[in-house]
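Notes to accompany the following structure.
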């Protein structure tokens with residue numbers, strides 16, 4: 001009985017090797033045929049800025065960013081053993097956004113350190129995987145690290161909601177470059193500031209844009225199960241009013257890849273447009289399946305889907321999709337420096353992270369050494385960054401917020 | 001359209017659960033076809049759970065990862081054939097596309113089958129030799145599942161220079177353009193759906209013939225029914241176990257290709273998890289340990305999930321699946337077709 005076992009193992013290996021060989025031997029033939037009949041250039045589609053709009057969908061002329069503050073400051077600042085924490089998804093399905101933020105911050109800190117030899121600030125990264133549960137485990141580590149003077153993050157709305165009380169109790173600055181759920185500023189957290197417009201402004205803007213500017217009469221609103229997606233979809237549905245068809249409003253789950261029933265329900269409703277509140281990991285397969293299911297309605301989504309990965313995954317299906325973002329496009333000089341350092345083009349929130357990093361660094365350079373002083377500094381800050389001007393109201397929202405509409409072209 | 005309860009409100013947050021018979025009635029045939037397509041994939045994966053359970057009384061929770069490796073296997077095979085990720089669909093002509101898909105399926109089968117046998121040798125056989133209790137096997141299966149996932153997540157990108165694996169799903173290689181072959185009312189059947197259902201049923205039929213008609217199949221049934229007597233009759237238990245894992249893996253590899261036809265951007269390190277749980281659920285639904293039960297359970301689950309989504313709202317997919325499972329088990333505790341691989345012939 002024992003003797004025969006290796007024989008079968010051998011057989012299995014031979015069989016699988018044979019299968020692999022079968023694949024390999026046809027490889028050259030396959031290579032030749034594909035060379036002639038292959039698909040055309042893949043990277044042709046890209047997310048391009050279309051128009052900047054206010055909360056009611058009206059166009060806003062962009063204010064030049066020539067007067068933007070630089071992280072270098074005046075130079076010659078003095079400080080010791082200070083670090084800025086960054087918390088967000090650095091691994092996991094939605095890590096791209098977290099990495100964009102980390103890189104934007106790192107660029108700002110490096111420029112600062114080069115100009116200020118006596119004030120070397122370090123970036124401490126804390127990976128939350130974008131998961132509220134993980135984030136609540138990570139948050140105490142950030143608070144107990146005494147070198148951390150301020151936090152850039154957390155990145156996502158769900159984790160920000162979960163960890164908010166921890167940072168608030170420690171009076172640690174929590175400056176987010178990407179958490180856009182409107183409820184976050186209604187908790188009375190004096191240490192929390194949002195460096196971009198919230199979902200109300202973003203959702204309202206795209207809803208008005210779809211309804212008034214593009215003149216769509218029937219829109220299906222689909223949401224995922226995250227705080228971000230639900231909040232955004234709610235605002236869009238509200239602003240659309242009777243244009244939003246409740247019969248084809250659908251919900252999907254984070255992590256889902258197959259949307260058969262959702263596609264069929266939308267197909268049945270035959271809308272002019274589909275709005276998706278959620279992240280690119282689900283938005284891309286949803287859009288491809290809508291298209292292969294024969295739904296030709298326009299597709300719009302928020303900043304969670306506004307990522308090159310969305311275009312990569314959805315391929316040609318992503319053509320003409322509208323993607324909004326409270327974040328502005330990267331200025332050329334910034335894009336060049338970013339590309340040189342990280343060998344990748346700046347992504348969503350990279351510019352905001354850079355701007356917000358600059359604000360924290362300005363605080364450090366002004367001689368601030370305690371966490372609570374930094375919170376006060378940001379509360380009273382009024383200045384221009386690369387993306388927009390930064391001035392906060394008493395709740396931690398930007399005094400004036402605008403939304404960019406991008407289109408895949 | 002009849003909307004009862006609190007459904008149909010303006011706000012998404014208001015509509016907790018709806019009961020929309022009209023939506024189900026209007027979309028019935030379209031949902032049935034989608035459900036059968038997805039159910040056929042469940043069924044192929046479920047066979048792997050059910051065969052291993054039949055022979056070893058082990059729930060091989062790492063089977064979902066075997067499926068996931070199968071997806072990467074067929075993707076890598078397509079890359080070896082000279083295809084690259086692209087936004088639009090390759091047009092190779094029908095015959096060549098079928099040939100390429102066939103080769104990719106063999107690639108997926110080879111990787112998944114090899115991985116399943118490897119998993120058995122590395123993880124389960126040493127435990128069996130030491131006579132470990134069944135709980136240890138279960139924990140090992142869950143552990144192996146994590147190891148394989150994290151391997152693809154962190155190690156594979158380093159081994160392949162970032163081509164395979166990593167945080168994001170693989171950029172799809174699309175060989176087939178979905179196009180409607182048959183259309184009636186608001187229902188259409190696409191070429192992809194036909195390919196999936198026909199291939200899956202053919203493979204399922206082949207597996208059934210293999211188990212019920214061949215010498216090896218007889219060996220598998222014998223070991224499942226009574227390992228001791230089977231050994232006394234000259235059946236090598238170790239060989240049969242390996243064969244069982246191999247068949248399960250091969251079918252999972254085939255399912256992987258069919259799944260990526262339908263969900264091109266599903267090739268991700270965690271992409272097997274949900275599907276694996278559903279396939280396991282399908283196996284239990286049909287009667288775990290019973291091959292035909294797994295097939296029936298898969299098709300039934302696929303269809304019922306979509307009906308449930310149309311009826312109660314799209315977010316209730318998983319709830320519908322598990323409520324159905326509980327309801328069936330309440331009345332038939334061993335599943336629809338009963339448990340035993342050895343005895344069940346129906």
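All of the numbers you see were taken from the coordinates with simple rules; none came from a lab. All figures in this text were calculated on a predicted structure; none of them were measured in a lab. Counting neighbours? That spans all protein chains shown, and the Cβs are built from the backbone with ideal geometry, glycine included.
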What number, in percent, do you get for the relative contact order of segment A:370-409 if the mean sequence gap of Cα pairs under 8 Å and at least 6 apart is divided by its residue count?
-> 24
Applying 1/(1 + (r/R0)^6) with R0 = 60 Å to the Cβ-Cβ distance of residue A:373 and residue B:146, what FRET efficiency is obtained, to the nearest 0.05?
-> 0.85
Kindly give the semi-axes, whole Å and largest first, of the ellipsoid equivalent to segment B:129-176, taking each as the square root of 5 times a Cα gyration tensor eigenvalue.
-> 32, 13, 8
Per-peptide average of other Cβ atoms within 10 Å, ordering A:334-347, A:236-249, A:292-305 highest first = A:292-305, A:236-249, A:334-347
For peptide B:175-183, the mean count of other chain Cβ atoms within 10 Å per residue Cβ is 2
A correct Stokes-Einstein calculation for segment A:121-200, using the alpha-carbon Kirkwood radius, 20 °C and 1.002 mPa s, returns a whole-number D in µm² s⁻¹ of 172
Using Cα pairs under 8 angstrom and six or more residues apart, how large is the relative contact order of chain A, in percent?
-> 22
Rounded to one decimal in nm, the spacing of the 7 Å Cα→Cβ label points at residue B:198 and residue B:218 is 3.5
Packing-based exposure ordering (other Cβ within 10 Å, fewest first) of B:330, B:96, A:86 = B:330, B:96, A:86
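Kindly give Rg over Rh for the protein assembly as shown, based on alpha-carbon atoms, with the Kirkwood expression for the hydrodynamic radius. Mind dumping the intermediate values first?
Values: Rg = 27.7 Å, Rh = 27.5 Å.
Taking Rg over the Kirkwood Rh, I get 1.01.
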Sorted by mean Cβ packing within 10 Å, highest first, what order do the peptides A:218-224, A:105-111 take?
-> A:218-224, A:105-111
Partner chain coverage, peptide B:310-321 - average Cβ within 10 angstrom | 4
For segment B:236-327, the Cα-Cα pair-distance distribution in 5 Å bins from 0, as whole percents, is 3, 12, 18, 23, 21, 14, 6, 3, 1, 0, 0
Calculate the all-directions average of the projected area of segment B:134-260's alpha-carbon convex hull, and give it in nm².
-> 12.3
Over what distance in Å are the Cα centres of segment A:214-276 and segment B:187-204 separated?
-> 29
Go from 0 up to the bin containing the longest alpha carbon distance in chain B, width 10 Å each, and give me the % of pairs per bin.
-> 6, 24, 31, 25, 12, 2, 0
Please give the peptides B:240-251, A:376-387 ranked by average Cβ packing (other Cβ atoms within 10 Å per residue), highest first, as a rough proxy for protection.
-> B:240-251, A:376-387
Partner shielding of B:126-136, as the mean number of partner chain Cβ atoms within 10 Å, equals 0
Rg in Å to one decimal, and Dmax rounded to a whole Å, for segment B:61-124 via C-alpha atoms | 13.9, 45
Per its Cα gyration tensor (rounded if a/c is under 1.5, else prolate when a/b beats b/c, else oblate), segment A:148-189 is best filed as oblate
Starting from the Cα of residue A:51, step 7 Å toward the Cβ, then list every residue of segment A:283-313 with an amide N under 19 Å from that point.
-> A:298-303
Helix A:227-240 vs. chain A, principal-axis angle (Cα, 0 to 90°, nearest 10) = 90
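As a footprinting exposure proxy, order B:63, A:112 by other Cβ within 10 Å, with the fewest listed first.
A:112, B:63
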Report the calculated FRET efficiency for residue A:145 and residue B:57 (r = Cβ-Cβ distance, R0 = 51 Å), to the nearest 0.05.
-> 0.55
What are the semi-axes of the equivalent ellipsoid for chain A, taken as the square roots of 5 times the Cα gyration tensor eigenvalues, largest first, in whole Å?
-> 39, 30, 21
Residue list for segment B:291-335, given a label point 7 angstrom along the Cα-to-Cβ vector of residue B:21 and an amide N cut-off under 14 Å = B:311-312
Equivalent ellipsoid semi-axes, segment A:347-398, via Cα gyration tensor eigenvalues times 5, rooted, Å = 19, 14, 9
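In what sequence do B:163, B:97 fall when counting other Cβ within 10 Å, fewest first? Walk me through the numbers before you get to the answer.
On the way: B:163 14, B:97 18.
Ordered by Cβ neighbours within 10 Å, fewest first: B:163, B:97.
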Consider all pairwise Cα distances in segment A:95-245 and report the whole-number % of them above 26 Å.
-> 36
Enter the mean projected area of the convex hull around the alpha-carbon atoms of segment A:274-409, in nm², rounded to one decimal.
-> 10.0
Give me the angle, in degrees from 0 to 90, between the Cα long axis of helix A:280-292 and the longest principal axis of the Cα atoms of chain A, rounded to the nearest 10.
-> 40
Calculated FRET efficiency for the pair residue B:231/residue A:254, C-beta based, R₀ 60 Å, to 0.05 = 0.80
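Based on DSSP H runs of at least 4 residues, each adding -39500 (n - 2.57), what is the mean residue ellipticity at 222 nm of chain A after dividing by all its residues, to the nearest 500 deg cm²/dmol?
-13000 deg cm²/dmol
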